[in-house]
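**Q** Please read through the structure below; I'll follow up with questions.
Quick note: the coordinates plus some simple rules give every number you see, no bench work behind them. Note that the structure is predicted; figures quoted are calculated from it, not measured. Positions of Cβ are generated from backbone atoms using ideal geometry, with glycine treated the same way; all protein chains shown enter the neighbour counts.
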Amino acid sequence: MDRLLLVFVFLFTSILSHSQTGFLFVKKGHKKKRTYTEGEHIYLRLQNDNVYYGLITRLMNDTIFLSGRPVPRIAVKEVIIDRKNRKKFQVSTKDFLLITAGVVLVTGGLTLSNQAEFEEALLAGTVIGYGPLALGYLKNIISFKRKKYKIGKKFRLQIIDFYLPRKRAF
């Protein structure tokens, strides 16, 4: 009974196991800036300025297979970072109305307490209320994040594949 249970446990664990996949590293010096594995999407610009987009199906012998097409590692000029998942700047109607009410209250409070003239109070309320919205909008438009890794002087590609070579008959 114990042997039968041991056989079933061994078969069950071998079914759930999988092999190690290959890795594609974008490195700057010795530091890894980006890691891609098999099964991820990637944009590559080659030396002849063709842009390839696809799923990394295999990494083997310094060759990147994008959707089955082989691309040599030394032919890659740039790795382009996909930024399609960028969120649009949105403010809900409720938040906008609350900010507008805050601007009115600040303007009214400063004017009624004689701390500022109406124009100065309106300017102060507008800057306090709508300033963070304007900064958030500018942050959404202007991005200082890297858009591509130019392979050459600063960055390099390294492929680690874990495929064992086939045995050759002699």
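**Q** Can you give the relative contact order of the chain as a percent, counting alpha carbon pairs under 8 Å and 6+ residues apart?
**A** Once normalised by length, the contact order is 26 percent.
**Q** For segment 91-126, which GluC sites (Glu not before Pro) pass both filters: DSSP loop (anything but H, G, I, E, B) and at most 13 other C-beta atoms within 10 Å?
**A** The qualifying sites are Glu117.
**Q** At 7 Å along Cα-to-Cβ for each site, give me the label-to-label distance between Ala75 and Met60 in nm.
**A** 1.7 nm
**Q** Under a crude label model (7 Å from the Cα following the beta-carbon direction), how far is Ile160 from Lys88 in nanometres?
**A** For the pair Ile160/Lys88, the computed spacing is 4.1 nm.
**Q** Just tell me which lysines come within less than 21 Å, Cα to Cα, of Lys31; anything on the same chain fewer than 8 places away is out.
**A** Straight-line reach from Lys31, under 21 Å: Lys77, Lys145, Lys147, Lys148, Lys150, Lys153, Lys154.
**Q** Also: Pulled fully out, how much extra length does the chain show between Gln20 and Ile142, if you take 0.36 nm times their separation in residues and subtract their Cα-Cα distance?
**A** 40.0 nm
**Q** Could I ask something else about it? Among the helices of the chain (complete DSSP H runs), which have Cα atoms covering no less than 27 Å along the helix axis and a Kyte-Doolittle mean of at least 0.5?
**A** 93-112, 118-141
**Q** Taking 7 Å along the Cα-to-C-beta vector as the label spot, tell me the Lys153-Leu4 distance in nanometres, rounded to one decimal.
**A** 7.2 nm
**Q** Set the Förster distance to 35 Å, then compute FRET efficiency between Leu97 and His41 from the Cβ-Cβ distance, nearest 0.05.
**A** So the FRET efficiency works out to roughly 0.30.
**Q** How big is the gap, in Å, between the Cα center of segment 96-121 and the Cα center of segment 1-78?
**A** Taking the Cα centre of segment 1-78 as reference, the centre of segment 96-121 is 59 Å away.
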